[in-house]
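Quick note: the coordinates plus some simple rules give every number you see, no bench work behind them. Computed from a predicted model, the values in this text were never measured in an experiment. Don't worry about glycine lacking a Cβ; one is built from the backbone with ideal geometry, like all the others, and counts go over all protein chains shown.
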Amino acid sequence: MATNKKITDLTELSEVDLADDDMLAIVDVSAGTTNKVRKSTLASALSGVSSITATTPIAVDSSTGAVVVSTGTIPINKGGTGATAGPAALAALGGISDPTNTRGDIITRGASVLGKVSIGTSTTVLRSDGTDPSWGAVAASELTGTLPIANGGTNATSAGAARTSLGLVIGTNVAAAGSNSDITSITGLTTDLTVAQGGTGASDAAGARSNLSAAALGANSDITSITGLTTDLTVAQGGTGASTFAANGILYGAGTGAVGATAVGTATHVLTSNGAGVAPTFQAQSADFTFVSSAALTTASTISVTGLEAGYDYEIQLEAFAPTTDAQVLWCRMSVASSFLSGASDYAWTSDANTSAANDTADSEIHMTGNQTVGNDAGTWNSFSTLLMNPGGTSESATLIASGMTIEPTPVLQTQQVGGILIGSVAAVDGIQFLWSGGSTFKAQGDITVYRKKRS
């Protein structure tokens, strides 16, 4: 018995190859039988047949006699795809639809269905983690062997071997690491080296100085102070050559040598030249009669002149002064060791005015206007010139002689002559003080001027 075969598995017969004993199977569909006819009788069997019709899935071309068998779609369980188009067939076979929609996509089998790996970025390689593939870079730890020079490597596994392989010699072609003198210039930089990188953080001198907190060379206003110097700047460097000077001394030059300073002068002394090549010094004035000081009077309870020296007579001129309170007597006291004496028997005095005379041999002050008082009316003022003789002497008591005048608005003029002495002491007097009997203050009017005369 012959083996049944699918029509599609049979060898196609050409009309010219047909033999007389070749047979064609004819199926009587209505009777449910199959008949056969030989080539030799096929012509007579078809005699009188104008066309051949058939029902699906068989179709006959009456003009050519071609028979077409249409089987439809073959299911997957019969060896087909169950589809009539490629994308549908892929979907039926793998559960995906159009997976490779981008050039370079790769189809891969997932956990249960087909999928894809999208194209990777440039220079990445397809890597596997043992389960699924992915694009990625090759880790350095995964490399083995050495990359040859022709491929951009050094063909070495150490810095020394790499330099040798590349023909490089430290100090000749490359600089040594760390501190060295091999690098003499750097070209091609487009960004300023920061201060942290050993640069200045700037591309011009002004910016570099600012970043480094440096001053400009030569004359400039950048330097506002200098700290940390351990050596005095010399005169040639614009300094003084010294770090300390006598307080309140006067500086003097010494050519290119260090600047010098005088000792502190005594009150009323003047700076005196001692000739070429000798430093100046403070000395007492050599003139017999010299000006000491002058000042405008202000509102005050006392007027004092201090710092009197031995060897001089002093003249104190009070001009146009007056009290703020009416009916005051002008008093005078002297000081010893900077303390004004006011004991009940420290002074003796005598006064002669154009209206009266008075005196006292034991008093706490000298009465400059005697027993006469002066007023405080507008336009009233007093002027006195007091000569204090040898106040600094210790062999005789300090003595004063004064003359004055009071002018009142009417006008009324009154003159006074007074002499006074410090009794009970021959200590050096170093000051004189004027005050009012009733504790009044002086008006802010008038002046005081002090002169002195050398005694020998």
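Would you list Ile223, Ile74 from fewest to most Cβ contacts within 10 Å?
Ile223, Ile74
So for each of 176-189, 398-411 I average, over its residues, the number of other beta carbons within 10 Å; can you give me the resulting order with the highest mean first?
398-411, 176-189
Among Arg127, Arg333, rank each residue by its count of other Cβ atoms within 10 Å, from fewest to most, as a rough exposure measure.
Neighbour counts put them in this order, fewest first: Arg127, Arg333.
Any number yet on Rg/Rh for segment 122-193, C-alpha, Kirkwood? Spell out each step's value before the answer.
Working: Rg = 18.5 Å, Rh = 16.1 Å.
Checking Rg against Rh, the ratio lands at 1.15.
Can you give me the distance in nm between label points at Asn101 and Thr164, each placed 7 Å from the Cα along the Cα-to-Cβ direction?
Once both label points are built, they end up 5.8 nm from each other.
Any chance you could get the radius of gyration and Dmax over the Cα atoms of segment 227-284, in Å?
Cα only, segment 227-284: 13.3, 42 Å (Rg, Dmax).
Ranked highest first by the average count of other Cβ atoms within 10 Å around their residues, in what order do 199-207, 324-332 fall? Intermediate values should be presented prior to the final figure.
Working: 199-207: 13.8, 324-332: 18.4.
Descending packing order for the listed peptides: 324-332, 199-207.
Tell me whether segment 205-330 comes out rounded, prolate or oblate; compute the Cα gyration tensor, take square roots of the eigenvalues as a ≥ b ≥ c, and use a/c under 1.5 as the rounded threshold.
Here segment 205-330 falls in the oblate category.
From the backbone phi of segment 213-220, what are the Karplus-calculated ³J(HN,Hα) couplings (6.51 cos²θ - 1.76 cosθ + 1.60, θ = phi - 60°) in whole Hz, Gly and Pro given as x?
These are the phi-based 3J(HN,Hα) values: 6, 10, 8, 5, 6, x, 5, 7 Hz.
Find how much the distance from Asn155 to Ser179 grows on full extension, using 0.36 nm per residue of separation minus their present alpha carbon separation; answer in nm with one decimal. All intermediate terms of the calculation are to be shown ahead of the outcome.
Working: separation 24, 0.36 × 24 = 8.64 nm, distance 2.79 nm.
Difference between extended and current length: 5.8 nm.
Net charge near Ala322: determine it from the other residues with C-beta under 12 Å of the C-beta of Ala322, scoring Lys and Arg +1 and Asp and Glu -1.
Spelling it out: positives minus negatives among the neighbours equals -3.
Non-local amide H neighbours of Gly120 (under 5 Å, H modeled in plane, Pro and chain starts lacking H): which ones?
none
Using the count of nearby Cβ atoms within 10 Å as a rough guide to exposure, how do Asp430, Asp447 rank from fewest to most?
Asp447, Asp430
Which far-off residues, 5 or more places away or on another chain, put their amide H under 5 Å from the one on Val270, with H placed in the peptide plane?
Here Gln283, Ala284, Gln285 satisfy the definition.
Multiply the residue gap between Gln237 and Phe289 by 0.36 nm, knock off their C-alpha separation, and tell me the result in nm, one decimal place.
Difference between extended and current length: 14.2 nm.
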